[in-house]
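The next block holds one structure in the form of C-alpha coordinates; read it before the comments.
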Amino acid sequence: MFTRSGVLDITSRHRVVFTYLKSLKFRILLVMLAIGWIPMALMAASLLGSYKSSAVASRSTELQNQCRILANQLLNYHYLDDPSSELLNGELAQLASTYDGRILIIDKDFRTVRDTYDLIEGKYVVSEEVIRCFEGQTSNLLTAQGFIEITIPIKKSDAKTVQGVLMASVSTNGIKGGAEILQGNASIFFLVYGVLVTALAVVLSWLLVHPVEQIRLGLREISNGHSTEDLAVKNYTETEQISEEFNKIVNQMRLLDESRQEFVSNVSHELKTPLTSMKVLADSLLMQGDAPVELYKEFMGDIAEEIERENKIITDLLSLVKMDKKAASLNIEPVDINDLLELILKRLRPIASRKNIEMVLESFRPVTAEVDEGRLTLAFTNLVENAIKYNKENGWVHVSLDADHKFFYVKVMDSGMGIPEESLNFIFERFYRVDKSHSSEIDGTGLGLAIAKSAVLVHKGAIKVSSQLGEGTTFSVRIPLNYIA
Ligand SMILES: Nc1ncnc2c1ncn2[C@@H]1O[C@H](COP(=O)(O)OP(=O)(O)OP(=O)(O)O)[C@@H](O)[C@H]1O
Ligand SMILES: [Mg+2]
(Lines give C-alpha, C1' and ligand atoms only; values in the text may rest on other atoms or scores of the structure.)
(Ligands and ions follow the chains in the order given, each with its own letter.)
Protein backbone atom coordinates (compact mmCIF):
# COMPACT_ATOMS: atom_id res chain seq x y z
CA MET A 1 0.00 0.00 0.00
CA PHE A 2 1.28 3.40 -0.92
CA THR A 3 0.63 6.38 1.24
CA ARG A 4 -0.45 9.50 -0.54
CA SER A 5 3.04 10.96 -0.09
CA GLY A 6 4.57 7.66 -1.17
CA VAL A 7 2.69 7.88 -4.46
CA LEU A 8 3.90 11.45 -4.92
CA ASP A 9 7.46 10.34 -4.13
CA ILE A 10 7.32 7.72 -6.82
CA THR A 11 5.85 10.12 -9.38
CA SER A 12 8.51 12.72 -8.70
CA ARG A 13 11.23 10.03 -8.87
CA HIS A 14 9.77 8.94 -12.21
CA ARG A 15 9.88 12.52 -13.37
CA VAL A 16 13.55 12.82 -12.38
CA VAL A 17 14.37 9.60 -14.25
CA PHE A 18 12.32 10.68 -17.27
CA THR A 19 14.03 14.10 -17.29
CA TYR A 20 17.43 12.40 -17.20
CA LEU A 21 16.51 9.99 -20.00
CA LYS A 22 15.34 12.97 -22.10
CA SER A 23 18.48 14.99 -21.40
CA LEU A 24 21.13 15.83 -23.97
CA LYS A 25 23.78 14.51 -21.57
CA PHE A 26 22.18 11.06 -21.52
CA ARG A 27 21.70 10.97 -25.30
CA ILE A 28 25.36 11.86 -25.90
CA LEU A 29 26.43 9.24 -23.34
CA LEU A 30 24.31 6.65 -25.11
CA VAL A 31 25.75 7.50 -28.53
CA MET A 32 29.31 7.35 -27.22
CA LEU A 33 28.75 4.04 -25.46
CA ALA A 34 27.23 2.63 -28.64
CA ILE A 35 30.17 3.88 -30.72
CA GLY A 36 32.62 2.35 -28.22
CA TRP A 37 30.86 -0.93 -27.53
CA ILE A 38 29.06 -2.20 -30.63
CA PRO A 39 32.05 -2.47 -33.03
CA MET A 40 34.15 -4.06 -30.29
CA ALA A 41 31.49 -6.68 -29.46
CA LEU A 42 30.98 -7.54 -33.16
CA MET A 43 34.71 -7.86 -33.71
CA ALA A 44 35.17 -10.14 -30.68
CA ALA A 45 32.27 -12.38 -31.73
CA SER A 46 33.59 -12.76 -35.27
CA LEU A 47 37.17 -13.39 -34.11
CA LEU A 48 36.05 -16.10 -31.68
CA GLY A 49 33.88 -17.74 -34.38
CA SER A 50 36.67 -17.77 -36.97
CA TYR A 51 39.16 -19.05 -34.39
CA LYS A 52 36.88 -22.04 -33.68
CA SER A 53 36.24 -22.92 -37.31
CA SER A 54 39.88 -22.62 -38.37
CA ALA A 55 41.02 -24.73 -35.38
CA VAL A 56 38.50 -27.47 -36.29
CA ALA A 57 39.59 -27.38 -39.94
CA SER A 58 43.30 -27.67 -39.15
CA ARG A 59 42.73 -30.49 -36.63
CA SER A 60 40.67 -32.54 -39.07
CA THR A 61 43.24 -32.14 -41.88
CA GLU A 62 45.99 -33.18 -39.50
CA LEU A 63 43.98 -36.19 -38.34
CA GLN A 64 43.15 -37.15 -41.89
CA ASN A 65 46.86 -37.18 -42.79
CA GLN A 66 47.79 -39.29 -39.77
CA CYS A 67 44.96 -41.74 -40.55
CA ARG A 68 46.06 -42.04 -44.17
CA ILE A 69 49.63 -42.94 -43.13
CA LEU A 70 48.26 -45.48 -40.67
CA ALA A 71 45.92 -46.98 -43.28
CA ASN A 72 48.92 -47.55 -45.58
CA GLN A 73 50.81 -49.25 -42.76
CA LEU A 74 47.80 -51.47 -42.02
CA LEU A 75 47.72 -52.48 -45.67
CA ASN A 76 51.42 -53.19 -45.81
CA TYR A 77 51.30 -55.43 -42.72
CA HIS A 78 48.10 -57.21 -43.85
CA TYR A 79 46.47 -56.10 -40.64
CA LEU A 80 42.96 -56.90 -41.90
CA ASP A 81 43.92 -60.58 -42.23
CA ASP A 82 45.78 -60.67 -38.92
CA PRO A 83 44.93 -57.89 -36.49
CA SER A 84 47.22 -59.24 -33.78
CA SER A 85 50.25 -57.09 -34.66
CA GLU A 86 51.28 -55.43 -31.41
CA LEU A 87 53.17 -52.71 -33.22
CA LEU A 88 50.14 -51.65 -35.26
CA ASN A 89 47.73 -52.03 -32.34
CA GLY A 90 50.09 -49.87 -30.31
CA GLU A 91 50.14 -47.20 -33.02
CA LEU A 92 46.34 -47.28 -33.30
CA ALA A 93 46.01 -46.90 -29.54
CA GLN A 94 48.52 -44.04 -29.49
CA LEU A 95 46.82 -42.13 -32.31
CA ALA A 96 43.47 -42.57 -30.56
CA SER A 97 44.82 -41.32 -27.26
CA THR A 98 46.78 -38.42 -28.84
CA TYR A 99 43.55 -37.07 -30.35
CA ASP A 100 41.43 -38.15 -27.40
CA GLY A 101 39.25 -40.21 -29.76
CA ARG A 102 38.30 -43.65 -31.00
CA ILE A 103 39.53 -45.61 -34.02
CA LEU A 104 37.64 -48.47 -35.68
CA ILE A 105 39.10 -50.75 -38.34
CA ILE A 106 36.38 -52.38 -40.46
CA ASP A 107 37.02 -55.21 -42.94
CA LYS A 108 35.32 -55.69 -46.29
CA ASP A 109 32.53 -57.69 -44.60
CA PHE A 110 31.62 -54.59 -42.53
CA ARG A 111 32.93 -56.37 -39.41
CA THR A 112 34.87 -54.42 -36.83
CA VAL A 113 38.36 -55.87 -36.69
CA ARG A 114 39.66 -53.41 -34.12
CA ASP A 115 38.01 -50.87 -31.78
CA THR A 116 40.39 -48.85 -29.61
CA TYR A 117 37.58 -48.72 -27.02
CA ASP A 118 37.38 -52.56 -27.16
CA LEU A 119 33.61 -52.33 -27.27
CA ILE A 120 32.33 -53.54 -30.62
CA GLU A 121 35.05 -55.82 -31.97
CA GLY A 122 33.51 -58.55 -34.10
CA LYS A 123 30.34 -56.48 -34.57
CA TYR A 124 29.14 -55.08 -37.88
CA VAL A 125 29.14 -51.38 -38.73
CA VAL A 126 26.96 -50.50 -41.74
CA SER A 127 26.72 -46.75 -41.84
CA GLU A 128 26.32 -44.42 -44.78
CA GLU A 129 29.92 -43.18 -44.46
CA VAL A 130 31.30 -46.73 -44.34
CA ILE A 131 29.35 -47.78 -47.45
CA ARG A 132 30.55 -44.67 -49.29
CA CYS A 133 34.08 -45.35 -48.13
CA PHE A 134 33.96 -48.85 -49.66
CA GLU A 135 33.10 -47.07 -52.90
CA GLY A 136 36.45 -45.25 -52.52
CA GLN A 137 35.25 -41.93 -50.99
CA THR A 138 36.98 -40.30 -48.04
CA SER A 139 34.64 -38.46 -45.66
CA ASN A 140 35.37 -35.82 -43.12
CA LEU A 141 32.55 -34.25 -41.11
CA LEU A 142 31.76 -32.43 -37.90
CA THR A 143 28.81 -33.97 -36.03
CA ALA A 144 26.21 -32.02 -34.15
CA GLN A 145 27.68 -33.39 -30.91
CA GLY A 146 31.00 -31.71 -31.75
CA PHE A 147 32.93 -34.78 -33.02
CA ILE A 148 35.18 -34.81 -36.07
CA GLU A 149 34.44 -38.07 -37.94
CA ILE A 150 36.82 -39.29 -40.59
CA THR A 151 36.52 -42.41 -42.79
CA ILE A 152 39.49 -43.47 -44.92
CA PRO A 153 39.44 -46.41 -47.35
CA ILE A 154 42.23 -48.99 -46.81
CA LYS A 155 43.39 -49.89 -50.32
CA LYS A 156 46.45 -49.97 -52.50
CA SER A 157 46.89 -46.67 -54.33
CA ASP A 158 46.62 -48.32 -57.74
CA ALA A 159 43.93 -50.88 -56.76
CA LYS A 160 40.22 -50.38 -57.31
CA THR A 161 38.87 -52.65 -54.59
CA VAL A 162 38.74 -51.28 -51.06
CA GLN A 163 39.91 -53.86 -48.51
CA GLY A 164 38.70 -52.13 -45.39
CA VAL A 165 37.82 -48.83 -43.69
CA LEU A 166 39.61 -46.83 -41.02
CA MET A 167 37.10 -44.80 -39.06
CA ALA A 168 38.29 -42.18 -36.57
CA SER A 169 36.08 -40.15 -34.29
CA VAL A 170 37.71 -37.31 -32.39
CA SER A 171 36.25 -34.91 -29.89
CA THR A 172 36.64 -31.12 -30.37
CA ASN A 173 36.76 -30.54 -26.62
CA GLY A 174 40.37 -29.43 -26.81
CA ILE A 175 39.45 -26.76 -29.31
CA LYS A 176 36.53 -25.68 -27.18
CA GLY A 177 38.92 -25.39 -24.25
CA GLY A 178 41.18 -23.14 -26.33
CA ALA A 179 38.20 -21.03 -27.32
CA GLU A 180 37.10 -20.81 -23.71
CA ILE A 181 40.55 -19.60 -22.65
CA LEU A 182 40.43 -17.06 -25.47
CA GLN A 183 36.93 -16.05 -24.40
CA GLY A 184 38.13 -15.68 -20.81
CA ASN A 185 40.99 -13.43 -21.90
CA ALA A 186 38.61 -11.47 -24.12
CA SER A 187 36.22 -10.99 -21.16
CA ILE A 188 39.01 -9.48 -19.04
CA PHE A 189 40.00 -7.25 -21.95
CA PHE A 190 36.36 -6.33 -22.43
CA LEU A 191 35.90 -5.46 -18.80
CA VAL A 192 38.92 -3.14 -18.79
CA TYR A 193 37.97 -1.72 -22.19
CA GLY A 194 34.34 -1.29 -21.06
CA VAL A 195 35.31 0.59 -17.91
CA LEU A 196 37.62 2.86 -19.90
CA VAL A 197 35.07 3.49 -22.66
CA THR A 198 32.30 4.18 -20.14
CA ALA A 199 34.51 6.55 -18.15
CA LEU A 200 35.54 8.33 -21.35
CA ALA A 201 31.90 8.56 -22.49
CA VAL A 202 30.82 10.03 -19.13
CA VAL A 203 33.65 12.61 -19.18
CA LEU A 204 33.09 13.57 -22.83
CA SER A 205 29.31 13.85 -22.47
CA TRP A 206 29.84 16.07 -19.43
CA LEU A 207 32.36 18.23 -21.31
CA LEU A 208 30.09 18.58 -24.34
CA VAL A 209 26.94 19.38 -22.36
CA HIS A 210 28.59 21.55 -19.73
CA PRO A 211 28.31 24.83 -21.73
CA VAL A 212 24.60 24.18 -22.36
CA GLU A 213 24.20 23.57 -18.65
CA GLN A 214 26.02 26.87 -17.99
CA ILE A 215 23.57 28.67 -20.27
CA ARG A 216 20.64 27.09 -18.45
CA LEU A 217 21.98 28.12 -15.05
CA GLY A 218 22.79 31.63 -16.34
CA LEU A 219 19.26 32.02 -17.69
CA ARG A 220 17.83 30.83 -14.39
CA GLU A 221 19.93 33.35 -12.46
CA ILE A 222 18.73 36.15 -14.72
CA SER A 223 15.08 35.05 -14.72
CA ASN A 224 15.13 34.73 -10.91
CA GLY A 225 16.47 38.27 -10.76
CA HIS A 226 19.69 37.18 -9.01
CA SER A 227 21.94 38.45 -11.76
CA THR A 228 21.95 41.45 -14.07
CA GLU A 229 25.18 40.52 -15.81
CA ASP A 230 25.30 39.60 -19.47
CA LEU A 231 25.30 35.93 -20.37
CA ALA A 232 28.73 34.92 -21.70
CA VAL A 233 29.23 31.21 -22.44
CA LYS A 234 32.03 31.25 -24.99
CA ASN A 235 33.00 27.54 -25.11
CA TYR A 236 31.45 26.97 -28.54
CA THR A 237 30.54 29.31 -31.40
CA GLU A 238 26.91 28.25 -30.95
CA THR A 239 26.82 28.96 -27.21
CA GLU A 240 28.51 32.30 -27.83
CA GLN A 241 25.85 33.16 -30.43
CA ILE A 242 23.03 32.03 -28.13
CA SER A 243 24.50 34.22 -25.37
CA GLU A 244 24.69 37.23 -27.70
CA GLU A 245 21.13 36.77 -28.96
CA PHE A 246 19.84 36.32 -25.44
CA ASN A 247 21.67 39.45 -24.23
CA LYS A 248 20.11 41.40 -27.10
CA ILE A 249 16.62 40.29 -26.01
CA VAL A 250 17.34 41.13 -22.37
CA ASN A 251 18.65 44.58 -23.34
CA GLN A 252 15.58 45.24 -25.45
CA MET A 253 13.41 44.23 -22.52
CA ARG A 254 15.40 46.48 -20.19
CA LEU A 255 14.99 49.42 -22.58
CA LEU A 256 11.30 48.67 -22.84
CA ASP A 257 11.02 48.53 -19.08
CA GLU A 258 12.94 51.80 -18.71
CA SER A 259 10.76 53.57 -21.27
CA ARG A 260 7.66 52.19 -19.58
CA GLN A 261 8.85 53.51 -16.22
CA GLU A 262 9.72 56.85 -17.76
CA PHE A 263 6.30 56.99 -19.41
CA VAL A 264 4.54 56.23 -16.14
CA SER A 265 6.50 58.91 -14.28
CA ASN A 266 5.83 61.42 -17.08
CA VAL A 267 2.12 60.63 -17.01
CA SER A 268 1.98 61.01 -13.23
CA HIS A 269 3.84 64.30 -13.46
CA GLU A 270 1.62 65.66 -16.24
CA LEU A 271 -1.53 64.61 -14.41
CA LYS A 272 -0.31 66.14 -11.17
CA THR A 273 0.53 69.57 -12.61
CA PRO A 274 -3.09 70.72 -13.20
CA LEU A 275 -4.11 69.19 -9.86
CA THR A 276 -1.39 71.16 -8.05
CA SER A 277 -2.52 74.38 -9.75
CA MET A 278 -6.13 73.72 -8.75
CA LYS A 279 -5.09 73.01 -5.18
CA VAL A 280 -3.09 76.26 -4.99
CA LEU A 281 -6.02 78.24 -6.41
CA ALA A 282 -8.56 76.61 -4.09
CA ASP A 283 -6.31 76.97 -1.03
CA SER A 284 -5.67 80.64 -1.63
CA LEU A 285 -9.43 81.29 -1.90
CA LEU A 286 -10.09 79.38 1.33
CA MET A 287 -7.30 81.26 3.15
CA GLN A 288 -8.93 84.63 2.58
CA GLY A 289 -12.36 84.01 4.08
CA ASP A 290 -13.98 87.20 2.71
CA ALA A 291 -12.56 87.29 -0.79
CA PRO A 292 -14.56 89.36 -3.29
CA VAL A 293 -16.84 87.61 -5.74
CA GLU A 294 -14.69 88.82 -8.67
CA LEU A 295 -11.69 86.99 -7.25
CA TYR A 296 -13.80 83.83 -6.84
CA LYS A 297 -14.94 84.12 -10.44
CA GLU A 298 -11.40 84.63 -11.68
CA PHE A 299 -9.99 81.69 -9.70
CA MET A 300 -12.91 79.46 -10.66
CA GLY A 301 -12.22 80.31 -14.31
CA ASP A 302 -8.59 79.29 -13.80
CA ILE A 303 -9.68 76.07 -12.08
CA ALA A 304 -12.02 75.29 -14.99
CA GLU A 305 -9.07 75.76 -17.40
CA GLU A 306 -6.93 73.37 -15.39
CA ILE A 307 -9.78 70.83 -15.41
CA GLU A 308 -9.95 71.26 -19.18
CA ARG A 309 -6.17 70.65 -19.40
CA GLU A 310 -6.41 67.54 -17.24
CA ASN A 311 -9.27 66.32 -19.40
CA LYS A 312 -7.24 66.79 -22.59
CA ILE A 313 -4.27 64.89 -21.16
CA ILE A 314 -6.48 61.99 -20.15
CA THR A 315 -8.23 61.97 -23.55
CA ASP A 316 -4.85 61.97 -25.32
CA LEU A 317 -3.53 59.19 -23.12
CA LEU A 318 -6.59 57.10 -23.76
CA SER A 319 -6.29 57.52 -27.53
CA LEU A 320 -2.60 56.62 -27.28
CA VAL A 321 -3.42 53.45 -25.35
CA LYS A 322 -6.08 52.67 -27.95
CA MET A 323 -3.51 53.19 -30.73
CA ASP A 324 -1.11 50.79 -29.03
CA LYS A 325 -3.62 47.99 -29.14
CA LYS A 326 -3.18 45.49 -31.95
CA ALA A 327 -4.52 46.07 -35.45
CA ALA A 328 -7.51 43.82 -34.59
CA SER A 329 -9.29 46.82 -33.09
CA LEU A 330 -8.93 48.86 -36.30
CA ASN A 331 -12.08 49.87 -38.11
CA ILE A 332 -10.94 49.70 -41.74
CA GLU A 333 -13.22 50.98 -44.51
CA PRO A 334 -12.87 52.92 -47.77
CA VAL A 335 -12.50 56.61 -46.90
CA ASP A 336 -12.45 59.65 -49.19
CA ILE A 337 -9.21 61.29 -48.04
CA ASN A 338 -10.00 64.61 -49.79
CA ASP A 339 -13.23 64.91 -47.75
CA LEU A 340 -11.42 63.89 -44.58
CA LEU A 341 -8.74 66.60 -44.96
CA GLU A 342 -11.29 69.26 -45.98
CA LEU A 343 -13.31 68.56 -42.85
CA ILE A 344 -10.22 68.80 -40.60
CA LEU A 345 -9.24 72.15 -42.13
CA LYS A 346 -12.80 73.45 -41.82
CA ARG A 347 -12.87 72.57 -38.11
CA LEU A 348 -9.50 74.22 -37.41
CA ARG A 349 -10.05 77.34 -39.56
CA PRO A 350 -11.58 79.38 -36.65
CA ILE A 351 -8.41 78.78 -34.56
CA ALA A 352 -6.20 79.72 -37.52
CA SER A 353 -8.14 82.90 -38.15
CA ARG A 354 -7.28 84.09 -34.62
CA LYS A 355 -3.69 84.56 -35.79
CA ASN A 356 -4.82 85.42 -39.31
CA ILE A 357 -3.18 82.29 -40.69
CA GLU A 358 -4.01 81.32 -44.26
CA MET A 359 -5.03 77.67 -44.71
CA VAL A 360 -4.76 76.02 -48.14
CA LEU A 361 -5.65 72.46 -49.19
CA GLU A 362 -4.10 71.40 -52.49
CA SER A 363 -5.31 68.08 -53.88
CA PHE A 364 -3.71 66.57 -56.98
CA ARG A 365 -6.30 63.84 -57.46
CA PRO A 366 -9.31 62.24 -55.73
CA VAL A 367 -8.06 59.63 -53.27
CA THR A 368 -10.01 56.85 -51.62
CA ALA A 369 -8.12 54.54 -49.27
CA GLU A 370 -8.84 51.65 -46.90
CA VAL A 371 -8.15 53.23 -43.51
CA ASP A 372 -9.46 53.69 -39.98
CA GLU A 373 -11.10 57.10 -40.36
CA GLY A 374 -11.12 57.96 -36.65
CA ARG A 375 -7.44 57.30 -36.11
CA LEU A 376 -6.29 59.10 -39.25
CA THR A 377 -8.47 62.11 -38.40
CA LEU A 378 -6.74 62.25 -35.02
CA ALA A 379 -3.29 62.08 -36.70
CA PHE A 380 -3.89 64.77 -39.34
CA THR A 381 -5.73 67.01 -36.87
CA ASN A 382 -2.67 66.93 -34.60
CA LEU A 383 -0.35 67.81 -37.51
CA VAL A 384 -2.50 70.73 -38.74
CA GLU A 385 -3.11 71.90 -35.17
CA ASN A 386 0.66 72.01 -34.58
CA ALA A 387 1.17 73.87 -37.85
CA ILE A 388 -1.24 76.54 -36.58
CA LYS A 389 -0.09 76.49 -32.95
CA TYR A 390 3.62 76.89 -33.67
CA ASN A 391 3.04 79.48 -36.44
CA LYS A 392 3.43 83.24 -36.44
CA GLU A 393 0.82 85.99 -37.00
CA ASN A 394 -0.27 86.22 -40.67
CA GLY A 395 1.50 82.98 -41.49
CA TRP A 396 0.25 80.13 -43.73
CA VAL A 397 -0.45 76.41 -43.51
CA HIS A 398 -0.31 74.40 -46.69
CA VAL A 399 -1.79 70.85 -46.82
CA SER A 400 -1.29 68.76 -49.98
CA LEU A 401 -2.66 65.37 -51.06
CA ASP A 402 -1.29 63.16 -53.80
CA ALA A 403 -1.24 59.42 -54.63
CA ASP A 404 0.30 56.79 -56.87
CA HIS A 405 -0.87 53.22 -57.50
CA LYS A 406 0.25 52.07 -54.03
CA PHE A 407 0.26 54.94 -51.55
CA PHE A 408 -1.30 58.30 -50.83
CA TYR A 409 0.88 61.16 -49.60
CA VAL A 410 -0.13 64.00 -47.28
CA LYS A 411 2.16 66.96 -46.57
CA VAL A 412 1.51 69.54 -43.88
CA MET A 413 3.75 72.61 -44.39
CA ASP A 414 3.82 75.75 -42.29
CA SER A 415 5.59 79.08 -42.08
CA GLY A 416 6.09 78.70 -38.32
CA MET A 417 8.97 78.82 -35.86
CA GLY A 418 10.54 75.53 -37.01
CA ILE A 419 12.13 72.83 -34.88
CA PRO A 420 15.81 72.86 -33.87
CA GLU A 421 17.80 70.06 -35.50
CA GLU A 422 18.77 68.44 -32.21
CA SER A 423 15.08 68.06 -31.30
CA LEU A 424 13.99 66.44 -34.56
CA ASN A 425 14.80 62.94 -33.28
CA PHE A 426 12.66 63.34 -30.17
CA ILE A 427 9.49 65.13 -31.21
CA PHE A 428 7.57 61.85 -31.77
CA GLU A 429 8.31 60.70 -28.22
CA ARG A 430 5.56 60.87 -25.65
CA PHE A 431 5.55 64.13 -23.62
CA TYR A 432 8.47 65.60 -25.53
CA ARG A 433 8.14 69.33 -26.18
CA VAL A 434 10.73 71.57 -27.78
CA ASP A 435 12.15 74.33 -25.62
CA LYS A 436 10.33 74.73 -22.34
CA SER A 437 10.02 78.53 -22.80
CA HIS A 438 7.66 78.37 -25.74
CA SER A 439 5.87 75.39 -24.26
CA SER A 440 4.89 77.54 -21.32
CA GLU A 441 3.34 80.07 -23.72
CA ILE A 442 1.76 77.53 -26.05
CA ASP A 443 -0.54 74.90 -24.55
CA GLY A 444 0.20 71.23 -25.08
CA THR A 445 1.27 68.01 -23.41
CA GLY A 446 3.63 66.59 -26.05
CA LEU A 447 1.39 63.65 -26.90
CA GLY A 448 0.00 64.84 -30.26
CA LEU A 449 2.88 63.63 -32.48
CA ALA A 450 3.17 60.33 -30.59
CA ILE A 451 -0.52 59.73 -31.32
CA ALA A 452 -0.05 60.75 -34.98
CA LYS A 453 2.92 58.43 -35.43
CA SER A 454 1.10 55.45 -33.85
CA ALA A 455 -1.88 56.03 -36.13
CA VAL A 456 0.34 56.13 -39.22
CA LEU A 457 2.35 53.04 -38.19
CA VAL A 458 -0.75 50.99 -37.46
CA HIS A 459 -1.64 51.54 -41.15
CA LYS A 460 1.89 50.34 -42.13
CA GLY A 461 2.69 53.86 -43.26
CA ALA A 462 5.58 56.24 -42.57
CA ILE A 463 5.94 59.76 -41.18
CA LYS A 464 8.87 62.14 -41.69
CA VAL A 465 9.68 65.66 -40.64
CA SER A 466 11.94 68.32 -42.08
CA SER A 467 12.31 71.76 -40.60
CA GLN A 468 14.19 75.01 -40.88
CA LEU A 469 14.43 76.96 -37.64
CA GLY A 470 12.60 80.30 -37.97
CA GLU A 471 11.25 79.44 -41.43
CA GLY A 472 8.85 76.54 -41.12
CA THR A 473 8.25 72.83 -40.82
CA THR A 474 7.01 70.09 -43.16
CA PHE A 475 5.51 66.78 -42.02
CA SER A 476 5.23 64.14 -44.79
CA VAL A 477 2.97 61.14 -44.35
CA ARG A 478 2.80 58.09 -46.63
CA ILE A 479 0.03 55.48 -46.22
CA PRO A 480 -0.84 52.41 -48.37
CA LEU A 481 -4.07 52.79 -50.35
CA ASN A 482 -5.05 49.20 -49.53
CA TYR A 483 -4.86 48.13 -45.94
CA ILE A 484 -2.05 45.59 -45.26
CA ALA A 485 -3.16 43.19 -42.52
N1 LIG B 1 4.73 72.42 -36.89
C2 LIG B 1 5.57 72.57 -35.87
N3 LIG B 1 6.38 73.64 -35.79
C4 LIG B 1 7.24 73.79 -34.78
N5 LIG B 1 7.34 72.94 -33.74
C6 LIG B 1 6.57 71.88 -33.74
C7 LIG B 1 5.63 71.62 -34.80
N8 LIG B 1 4.99 70.47 -34.54
C9 LIG B 1 5.51 70.02 -33.35
N10 LIG B 1 6.43 70.84 -32.87
C11 LIG B 1 7.23 70.67 -31.62
O12 LIG B 1 7.16 69.33 -31.26
C13 LIG B 1 6.63 69.20 -29.95
C14 LIG B 1 5.80 67.94 -29.86
O15 LIG B 1 4.59 68.09 -30.57
P16 LIG B 1 3.30 67.39 -30.10
O17 LIG B 1 2.23 67.65 -31.07
O18 LIG B 1 3.66 65.99 -29.84
O19 LIG B 1 3.00 68.00 -28.67
P20 LIG B 1 2.31 69.40 -28.31
O21 LIG B 1 1.79 70.03 -29.54
O22 LIG B 1 3.26 70.14 -27.50
O23 LIG B 1 1.13 68.90 -27.37
P24 LIG B 1 -0.23 68.22 -27.79
O25 LIG B 1 -0.18 68.03 -29.27
O26 LIG B 1 -0.16 66.92 -27.08
O27 LIG B 1 -1.31 69.05 -27.32
C28 LIG B 1 5.87 70.45 -29.72
O29 LIG B 1 5.84 70.78 -28.34
C30 LIG B 1 6.66 71.45 -30.49
O31 LIG B 1 7.71 71.94 -29.72
MG1 LIG C 1 0.50 68.96 -30.88
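The values are calculated or read from the model by the stated rules, or taken from the named source; none is laboratory data. This one's a predicted model, so the numbers in the text were calculated from it and none came from an experiment. Here the Cβ is made from the backbone with ideal geometry for all residues, glycine too, and neighbour counts use every protein chain on show.
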Requested in this report: State whether one or more residues within the range 58-68 are assigned to a helix (DSSP H, G or I), more than 30 Å from residue 188 (Cβ to Cβ) and of a type in the set (Val, Ile, Thr).
Outcome: yes
Some residue of the range 287-302 being under 30 Å from residue 457 (Cα atoms) and without any contact (Cβ under 8 Å) to a residue 40 or more places away in the chain: no
Apart from one, (1) small (Gly, Ala, Ser); (2) buried (at least 16 other Cβ atoms within 10 Å of the Cβ); (3) outside any helix (DSSP H, G or I) all hold for residue 218; the odd one out is (3)
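Of these, 107, 115, 81, which one is modelled with pLDDT under 90 and among the charged types (D, E, K, R)?
81
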* Quick check: anything in the range 416-436 polar (S, T, N, Q) and modelled with pLDDT of 95 or more? -> no
**Request:** Please tell me if residue 104 is in contact with an Asp or Glu (Cβ under 9 Å, 6 or more places away or on another chain), touching a residue at least 60 places away in the same chain (Cβ under 8 Å) and not in a strand (DSSP E or B).
**Result:** no
Taking the range 186-214 and keeping only residues that are within 19 Å of residue 48 (Cα to Cα) and free of Cβ contacts under 8 Å to residues at least 12 places away in the same chain, one is left with 187, 188, 189, 191, 192
Within the range 158-181, restricting to residues that are touching a helix residue (DSSP H, G or I) at 6+ places or on another chain (Cβ under 6 Å) and part of a helix (DSSP H, G or I), the one that is farthest from residue 56 (Cα to Cα) is 179
### Query
Within the bounds of the range 313-329, is there any residue that is of a type in the set (Asp, Glu), exposed (fewer than 14 other Cβ atoms within 10 Å of the Cβ), out of contact with any strand residue (DSSP E or B) (no Cβ under 7 Å at 6 or more places or on another chain) and not assigned by TED's automatic domain parsing to the domain that holds residue 414?
yes
- Task: Inspect the range 206-214 for any residue being over 30 Å from residue 38 (Cα atoms) and in a helix (DSSP H, G or I) and give the result as yes or no.
- Result: yes
Within the range 375-400, residues more than 9 Å from ligand 1 (Cβ to nearest atom) and not aliphatic (A, V, I, L, M) come out as 375, 377, 380, 381, 392, 393, 394, 395, 396, 398, 400
Residue 180 passes all but one of the listed conditions (1) at pLDDT 90 or above; (2) more than 30 Å from residue 134 (Cβ to Cβ); (3) among the acidic types (Asp, Glu); the exception is number (1)
- Message: When you scan the range 456-466, do you find a residue that is near ligand 1 (Cβ under 9 Å from one of its atoms) and surrounded by 13 or more Cβ atoms within 10 Å (Cβ to Cβ), even just one?
- Response: yes
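Each row is one residue, and each column tells you yes or no for (1) within 17 Å of residue 319 (Cα to Cα); (2) in contact (Cβ under 8 Å) with a residue 60 or more places away in the chain.
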position: 427; (1), (2): no, no
position: 435; (1), (2): no, no
position: 445; (1), (2): yes, yes
position: 452; (1), (2): yes, yes
position: 460; (1), (2): no, no
position: 464; (1), (2): no, no
position: 467; (1), (2): no, no
position: 475; (1), (2): no, yes
position: 481; (1), (2): no, yes
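I need a count of the residues in the range 443-464 that are within 14 Å of ligand 2 (Cβ to nearest atom), among the small types (Gly, Ala, Ser) and not in a loop (DSSP other than H, G, I, E, B). Reasoning before the result, please.
Looking only at the range 443-464, we keep the residues that are within 14 Å of ligand 2 (Cβ to nearest atom), and these are 443-455, 463.
Of the ones still in play, those that are also among the small types (Gly, Ala, Ser) are 444, 446, 448, 450, 452, 454-455.
Still in the list and also not in a loop (DSSP other than H, G, I, E, B): 448, 450, 452, 454-455.
Total satisfying the criteria: 5.
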Flagged in the range 443-453 as more than 7 Å from ligand 1 (Cβ to nearest atom) and crowded, with 23+ Cβ neighbours inside 10 Å, in numbering order, are 452
